[in-house]
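Comments concern the structure below.
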Amino acid sequence: MATSLYDLSVATFLQTVGAVAGFLEKTAGHCAATGTDPDDLVNARLYPDMAPFHFQIECVANHSVSSLEAIRDGIFAPPALVGAVPFAALQARIALTKATLRGFIPDEVDGWAGKALDLQIGPRRLAFTAETYILSFALPHFHFHAVTAYDILRLGGVPLGKRDYEGRLRTTPVAHSDS
């Protein structure tokens, strides 16, 4: 069976957004247990010329929800960046992202398969189909920002592991023989 556009996009975004929500919650718990302020992580960076933690979280939201809206509407118009906000506001942003993603209807998203989408990035015009946009633009950007957020938290001392990043895997039940 072929993989649907919904499974490529929404289901994949939900898996990682759920993981991001989980590692943000784990960060809040770690900070409470160690007496540190999670707001101190909002402007943390991996390297001086890289964008801060809050930007990574905003981009996780923008490259998931806004990417789906771009396919639906034919134009990529993510919301303006908010900038540094309290850690709790970043958690709320991810919760809203998760809720918004859950609102996309599989049949509707699958109906966008093959739809053309052109992006104008500065002087460059990039022409995609819904599938090539998701696979070659939206998902790489989305995962880059999710893993960068994870890495910033690890660098900040939050005890996260690979399973925290994986999120809830989309497995199928294993058939057991009765022999």
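The values are calculated or read from the model by the stated rules, or taken from the named source; none is laboratory data. Here the structure is a predicted model, which means the values were calculated and not measured. Positions of Cβ are generated from backbone atoms using ideal geometry, with glycine treated the same way; all protein chains shown enter the neighbour counts. The area values use the complete protein model at the heavy-atom level, side chains included, leaving out ligands, DNA and RNA. Shrake-Rupley method; radii C 1.70, N 1.55, O 1.52, S 1.80 Å.
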Nearest-0.05 FRET efficiency for Lys162 and Ala116 at R0 = 30 Å, using Cβ-Cβ distance, is 0.20
Fraction of alpha-carbon pairs in the chain farther than 30 Å apart, rounded to whole percent, equals 24
Straight-line reach check, Lys115, cutoff 12 Å on alpha carbons, 8 or more apart in-chain or any other chain, hits among aspartates and glutamates -> Asp73, Glu131
In whole percent, the fraction of accessible protein surface over the range 87-170 that belongs to carbon or sulfur atoms, probe radius 1.4 Å, stands at 59
Once both label points are put 7 Å beyond Cα along the C-beta direction, the Leu155-Arg170 separation in nm becomes 3.1
Result row for the chain, helices from DSSP H with C-alpha axial extent 30 Å or more and mean Kyte hydropathy at least 0.0, is 12-34
Once Arg72 and Tyr47 are pulled to full extension, the length gained, defined as 0.36 nm per residue separation minus their Cα-Cα distance, is 5.4 nm
Mean separation of Cα contacts under 8 Å (at least 6 apart) over the residue count of the chain, i.e. the relative contact order in percent, is 35
